[in-house]
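Have a look at the structure below before the remarks.
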Amino acid sequence: MRIGIVLSETPSYSETFFTNKIKGLQKHGFKVILFVQRKTPEFNLCTVQLAPKVYKYNLLLMLMTGFTVFLKLVLNFKRSMEFIKLETNIGRPYKQILKNLYNNNHLLAANLDWVHFGFTTMALQSEHVAKSIGAKMAVSFRGFDLDVYPLKHPRCYKLMWSQVNQVHSISNYLLQKAYSIGMPKSIPYQIIKPAIPILGYLEKHDQSKVSVFRMVTVARLHWIKGLQDTLEALAILKSKRMAFKYSIIGSGEQYESLKYAISQLGIEDYVILEGQKTHEETMALVKDSDIYIQYSYSEGFCNAVLEAQGSGLLCITSDGGGLKENIIHGKTGWIVPKRQPKLLVEMILHVINLPDEEKNTIRGNAINHVKSNFDVKNQAEQFVKFYSEFVN
């Protein structure tokens, strides 16, 4: 079976949910092809097909690329005409149809059994591709797709709902969110939660006595991650004369505002913006910490919290989105109501002051939780069923 996965670019160091999926499908004999706009030189897991580029300011490159695209469209004339017909039937403006025909050229030339858009937003303006090439269409729900994008673009998925054959959600929270914004309950779905490789995440955390508690968060610097509230909680913690260090691993648009907040709150000596790290560097910093914090307003699920639990960290999260399906409160970590920094600092103090025996029990529970419920092998088998046992 040939699976085409559509992404904006080849998976980065942090997107282990995509690399794990590709490896799992390949082990089961599936042919996986990535369709992307950008490819990183180091990516070599599977075949990659690049979308045609748009050259606005280089006439020669624009003409050369345009000729190549035109040639492919001619060679796939029947598919191209089917795509145009489907686009025309919904009343899409002709200029937009031509643009969509150009941008989807690499997909229209592919021979696939499934076209799977790795993010729901990736399916926009490509809703008719799968039907045009005689393939089935799937989309995956991620946090941004359902929590953020529809806020600015209401009813953005109306056409997509009518074309998709099956959806994949990483949490029940996102599935219910999809229903709330218009997804018909007749659409087949499977909830396949993220998974992480067990080997390498099961080392016991260093339990030696430390005078400075180390806390860490792995997140892109975005408002939805609740980092401003986390910093406010840490300013309160500082006022209680607690010795701690807090690292934020990740990059993003909120870098300057977070730097400003750190300065205004007077916690420059306590907080480090680590920037973007490789996955290996990230896990080394995580394993060197005592407490993992993910105080987001919402998460689709959050792989980073899984990896923190699997590393034996004491995890504190918000109750935002799918995090309640990730952490078992009081058993593998703790859940705090979002947007309440005072409650967050109370929980941090509670965890710090727990007896060592209770901390060790939570660490052990967290490791076993990940090992039992979020194994890569099981996830791969679920995706095999997703594609192989589909009944429309």
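The values are calculated or read from the model by the stated rules, or taken from the named source; none is laboratory data. This is a predicted model, so every value here is computed, not measured. As a convention, Cβ positions derive from the backbone with ideal geometry for all residues, glycine included, and neighbour counts pool all protein chains shown.
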Top-ranked residue in region 249-271 [being under 18 Å from the mean Cα position of the chain (by Cα) and assigned to a strand (DSSP E or B); ranked as nearest to Lys287 (Cα to Cα)]: Ile249
Condition first: in the same structural domain as Asn111 (by TED's automatic domain parsing), closer than 13 Å to His106 by Cβ, modelled with pLDDT of 90 or more and surrounded by 14 or more Cβ atoms within 10 Å (Cβ to Cβ). Can you find one or more residues in region 67-79 that meet it? yes
What pairs come up if the first residue lies in region 78-97 and is within 16 Å of Ala130 (Cα to Cα), the second is of a type in the set (A, V, I, L, M, F, W, C) and exposed (fewer than 10 other Cβ atoms within 10 Å of the Cβ), and their beta carbons are under 9 Å apart, counting only those six or more places apart or on different chains? Ser80/Val74
Filtered residues of region 130-143 (kept if touching a Phe, Trp or Tyr at 6+ places or on another chain (Cβ under 7 Å) and either over 16 Å from Trp161 (Cβ atoms) or of a type outside the set (Gly, Ala, Ser) (or both)): Ser132, Ala135, Lys136, Val139, Arg142
Selection within region 176-197 - part of a loop (DSSP other than H, G, I, E, B) and basic (Lys, Arg): Lys185, Lys193
Assigned by TED's automatic domain parsing to the domain that holds Val345 and in contact with a Lys or Arg (Cβ under 6 Å, 6 or more places away or on another chain): does that describe Gly252? yes
Quick one: Val32 ticks every box in (1) surrounded by 12 or more Cβ atoms within 10 Å (Cβ to Cβ); (2) in a helix (DSSP H, G or I); (3) modelled with pLDDT of 90 or more except a single one, so which number is it? (2)
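Among the residues of region 14-24, is there at least one that is part of a loop (DSSP other than H, G, I, E, B), surrounded by fewer than 15 Cβ atoms within 10 Å (Cβ to Cβ) and outside the structural domain of Thr278 (by TED's automatic domain parsing)?
no
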Restricting region 184-213 to residues that are at pLDDT below 95 and of a type in the set (Lys, Arg), the residue that is surrounded by the fewest Cβ atoms within 10 Å (Cβ to Cβ): Lys209
Do we find that Val148 is of a type outside the set (Lys, Arg) and under 15 Å from the mean Cα position of the chain (by Cα) in this structure? yes
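Let's see how each residue does on (1) charged (D, E, K, R); (2) surrounded by fewer than 20 Cβ atoms within 10 Å (Cβ to Cβ):
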| residue | (1), (2) |
| --- | --- |
| Lys342 | yes, yes |
| Leu349 | no, yes |
| Ile362 | no, no |
| Asn378 | no, yes |
| Phe383 | no, no |
Among (1) surrounded by 18 or more Cβ atoms within 10 Å (Cβ to Cβ); (2) farther than 30 Å from Ser12 by Cα; (3) small (Gly, Ala, Ser), which single condition is Ser247 missing? (2)
